[in-house]
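Worksheet for the structure shown next.
What follows draws every value from the coordinates through simple rules; no lab data is involved. Source: prediction; values computed, not measured. Cβ atoms come from the backbone with ideal geometry, glycine included; neighbour counts cover every protein chain shown.
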Amino acid sequence: MPKKTMTERSFKPALFNGRQEERSGCLGRLKKIQVPVAEIEVPTQIKNPELVRERRRKIIDSTVKLFVEHGYHKTTTRMIARAADFSIGSLYEYVSSKEDLLYLVCKTIHEEVQDAVEKALAGTDRGKERLARVIRQYFYVCDSMADHILLMYQVTQFLPGKWKAQVLENELNITQIFIQALTSLSGKNGFPVLDGKVMNLVGHDISILGQMWAFRRWHVQKHFTIEEYIAIQTDFILGRIF
């Protein structure tokens, strides 16, 4: 029987190992946030980390458009390679399965959110204004990655069990960023003292309200601009605190 070519072979399940990576956000004089981000090591044949990051982002963005347009099951690897301007063989150097791509979509969302929140917390705003800045930057990420977020909720069910658990853990870690930001702000610079239950609930409020802009956009974005949405939801969130 002739050996299968790269084009003909089916995707193999990706190997992975669980690893936690700490990323810290600057809070000025406030305590730094340190939230572990669950990460699956997706295999690659390329040794240059920066090149891998750059090329995978191009593949991911192309994949999201195809998955949204055609659906997960109807999108082929050949379609993904063509859309990303890769040969099918080159594509296999960066990912080895469609599950790889689904996980990398979710991981990219989490990284973008964490980076945006860290930058917001590094600003000079204090107390109430600092939290408003965090909310605003997070909602901007949700706006720019609306297709990615929508896809994450639609197709996470297709991930293998352990991978799905990692995605859910990452999702909770994003909420934890907001909870720890609230913890650091609590009782400082005119910010009220918050108990654990309130901080937990408000952290989830911020996380879900930002993502709602993406997964309820079929309705919400017909009636509000992103600026209007941010202003209204920020008032709502701050109203739970002040």
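Being touching a residue at least 24 places away in the same chain (Cβ under 8 Å) and closer than 19 Å to ARG133 by Cβ is the filter here, so list the residues in region 212-237 that pass it. Before the answer, list the steps.
So the first thing to find is which residues in region 212-237 are touching a residue at least 24 places away in the same chain (Cβ under 8 Å), and the list is 213-215, 217, 226, 229-230, 233-234, 236-237.
TRP213, ILE226, TYR229, ILE230, GLN233, THR234, PHE236, ILE237, listed by residue number.
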Study note, to complete from the structure: Restricted to region 63-77 and to residues being in contact (Cβ under 8 Å) with a residue 60 or more places away in the chain and under 20 Å from the mean Cα position of the chain (by Cα), the residue surrounded by the most Cβ atoms within 10 Å (Cβ to Cβ) is PHE67
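Name every residue in region 174-195 that is among the polar types (S, T, N, Q) and not in a helix (DSSP H, G or I), in order of residue number. Give the derivation first.
Within region 174-195, the subset among the polar types (S, T, N, Q) is 175-176, 180, 183-184, 186, 189.
SER186, ASN189 - these are the residues of region 174-195 that are among the polar types (S, T, N, Q) and not in a helix (DSSP H, G or I).
What are the residues in region 181-232 that are in contact with a Lys or Arg (Cβ under 6 Å, 6 or more places away or on another chain) and surrounded by 17 or more Cβ atoms within 10 Å (Cβ to Cβ), if any?
Quick first cut of region 181-232, residues in contact with a Lys or Arg (Cβ under 6 Å, 6 or more places away or on another chain) only: 184, 189, 202, 230.
Result: SER184, VAL202, ILE230.
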Review point. Which condition does LEU182 not pass, out of (1) within 30 Å of GLU41 (Cβ to Cβ); (2) free of Cβ contacts under 8 Å to residues at least 60 places away in the same chain; (3) not small (Gly, Ala, Ser), if it passes all the others?
Key: (1)
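Take the residues of region 39-62 that are aliphatic (A, V, I, L, M) and surrounded by 19 or more Cβ atoms within 10 Å (Cβ to Cβ): which is nearest to the chain's Cα centre (by Cα)? Don't jump to the end; show me each part of the working.
Our first condition is that a residue be aliphatic (A, V, I, L, M); within region 39-62, this holds for 40, 42, 46, 51-52, 59-60.
Checking the rest, the ones that are also surrounded by 19 or more Cβ atoms within 10 Å (Cβ to Cβ) come to 40, 42, 59-60.
Values: ILE40: 14, VAL42: 16, ILE59: 16, ILE60: 12 Å.
Residue satisfying both the conditions and the ranking: ILE60.
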